[in-house]
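One structure is given here, and the rest of the page talks about it.
We did not get these values from a lab; they are worked out from the coordinates using the rules stated. Here the structure is a predicted model, which means the values were calculated and not measured. Ideal geometry is used to build each Cβ from the backbone, glycine not excepted, and the neighbour counts take in all protein chains shown.
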Amino acid sequence: MFATPAYAQAAAGAPTGGPQDMLIQFLPLIGLVILFYFLMIRPQQRRMKQHQQMLGGLKRGDTVVLSSGMIGKVVRVEDKEVGLEIATGVTVKVVKTMIADVRTRGEPSAANDSKV
């Protein structure tokens with residue numbers, strides 16, 4: 001009629017599993033962290049590294065596109081800033097990290113551009 005104390009503890013929901021059960025519970029969470037790393041963090045780090053290499057190879061005479069869409073020609077390269085000629089005789093200082101793309105001098109022009 002009376003239950004033994006061990007039987008009563010097991011029936012009340014006391015933890016019966018060991019470390020294997022705990023690992024099985026955390027396995028989906030670990031899988032999500034790994035998936036997040038390969039789909040989000042790693043590609044972003046690769047893009048950042050490519051951008052830093054692009055900025056490191058910046059030289060005078062390169063044509064660059066800023067993140068705002070403005071296009072200019074590099075006339076001076078410093079550590080953190082770049083001097084850009086955006087029009088004839090108009091030079092502005094731009095922070096290097098705002099350069100979105102580098103177009104070198106050897107890049108062909110579009111077919112509809114007139115030769116000046």
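Structure values in brief
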| quantity | calculated |
| --- | --- |
| Partner lysines for Lys49 [C-alpha distance under 17 Å; skip if fewer than 8 residues away on the same chain] | Lys80, Lys96 |
| HN-Hα J in Hz across segment 74-80 - Karplus 6.51, -1.76, 1.60, θ = phi - 60°, x for Gly and Pro | 6, 10, 8, 10, 10, 5, 10 |
| Length-normalised contact order of segment 59-103 in % [C-alpha pairs under 8 Å, at least 6 apart] | 38 percent |
| From the C-alpha gyration tensor of segment 59-103, square roots of 5λ in Å | 13, 12, 10 |
| Around Met40: net Lys/Arg minus Asp/Glu count, Cβ-Cβ under 13 Å | +3 |
